[in-house]
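The block underneath contains the structure these notes are about, expressed in structure tokens.
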Amino acid sequence: MAPNREHTLILIKPDAVEQDLHLTVLARLEHTVEGSRYVASRILQFNPDLCREHYSHLTEKPFYKNIETYMCSGHIWAAVLEGPHGMIPAIREDIGATDPTAAAKGTIRNTYGTKIDLGNGEYFTRNVVHASESQQEAYEEIRRLFLKEEIQNSAPEFAEKLWPATE
């Protein structure tokens, strides 16, 4: 990877794609940190297996079935954002907390997300966007959703890190 460059996976979730918010959110995130740019993007649809793999850390939670239903309900816009060191925490700050009602005012999730009362004392959030929490998580997520050939990159070290030549 180029010195002082980071990569993160951005997923624009089905509700945001359906509401035509994907380009608004993608543009905002690209401008969160100066020097950031998209190096790959594609539209896809999660199936239950891909959803379980992506959210493996949540599959045992009682609310997981709601996540799976939500994430498999429509198209997702996946994108790889490349930017300077420090981009990942800045992107996550601009996105806001998972719960849109708890997210800071003006964040993407606070502005566009919704919290749905399921009527049984439980709530479900439609929080518009996902971004990797760390560089290592980004590598795993990007590799799961993109082929090497789909990445436009001026830094061959990035592709080599994700897809070693021995594969």
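We did not get these values from a lab; they are worked out from the coordinates using the rules stated. The structure presented is a predicted model; accordingly, all values stated were derived computationally and were not measured. Cβ sites come from the backbone with ideal geometry, for glycine too, and all protein chains shown count toward neighbours.
Note on ARG42 and LEU147: the model spin-label points, each 7 Å out from Cα along the C-beta direction, lie 0.7 nm apart.
Pairs over the 27 Å Cα-Cα cut-off, from the set LYS61/LYS148; LYS65/LYS115; LYS105/LYS148; LYS115/LYS161; LYS13/LYS105; LYS13/LYS148: LYS61/LYS148; LYS105/LYS148; LYS115/LYS161.
Residues within the reach of a label modelled at ASN4 (point 7 angstrom out along Cα to beta-carbon, backbone nitrogen below 14 Å), restricted to segment 79-102, are 83-87. You can think of it this way: the chain between ARG52 and LYS115 has 20.5 nm of extra reach, that is 0.36 nm per residue less the Cα-Cα gap. Taking 41 Å as R0, compute the FRET efficiency from the Cβ-Cβ separation of HIS75 and LYS105 and round it to 0.05. The formula returns an efficiency of 0.90 here.
With contributions of -39500 (n - 2.57) from each DSSP H run of at least four residues, the per-residue ellipticity at 222 nm computed over the chain stands at -9500 deg cm²/dmol.
What translational D, rounded to a whole number of µm²/s, comes out for the chain from Stokes-Einstein when the hydrodynamic radius is the Kirkwood one over Cα pairs, at 20 °C and 1.002 mPa s? Calculated translational D: 130 µm²/s. Placing +1 on the Cβ of every Lys and Arg and -1 on the Cβ of every Asp and Glu, with no other charges, gives segment 5-162 a dipole of roughly 180 debye about its Cα centre. Against the main long axis of the alpha-carbon atoms of the chain, helix 135-145 sits at an angle near 80°.
Note on the chain: GNM, Cα springs under 10 Å; of SER132, SER41, SER56, the largest mean-square fluctuation is that of SER56.
Among ILE108, ILE151, ILE95, the residue with the largest mean-square fluctuation in a Gaussian network model of the chain, with springs joining Cα atoms closer than 10 Å, is ILE151.
Across all Cα atoms of segment 79-167, the radius of gyration (one decimal) and Dmax (whole number) stand at 16.6, 52 Å.
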